[in-house]
């Protein structure tokens, strides 16, 4: 049986770092291999728990998501020209706004 640290290889950690555009050293890769292996080992332990007969819990607050029908009302549509007429400063058919930084 693999130890937690052997679940993921150093090469896989280096590849993940490359995909994430991170530069890590060989020593960091080894540390992350150990850390990620430990985390994955914890998930492995959780998968071994017998959950038969336990109802799935999706949320516990009792809140429900309120939704509305996704219907486009064409009577509320305005043309770009009408929108531009509502604004004071127009530049090249765009609304000019103050710089925000």
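The values are calculated or read from the model by the stated rules, or taken from the named source; none is laboratory data. This structure is a prediction, so every number in the text was calculated from the model and none was measured. Virtual Cβ from ideal backbone geometry, glycine too; neighbours counted across all protein chains shown.
Has the range 38-58 got any residue that is farther than 30 Å from residue 12 by Cα and modelled with pLDDT under 80? Give the steps one after another, and end with the answer.
To start, the set of residues in the range 38-58 that are farther than 30 Å from residue 12 by Cα comprises 50-58.
With modelled with pLDDT under 80 added as a condition, the list becomes 58.
Yes; the residues of the range 38-58 include at least one that is farther than 30 Å from residue 12 by Cα and modelled with pLDDT under 80.
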For the range 1-95, which fully contained helices (runs of 4 or more DSSP H) count at least 2 residues that are exposed (fewer than 10 other Cβ atoms within 10 Å of the Cβ)?
26-47, 80-85
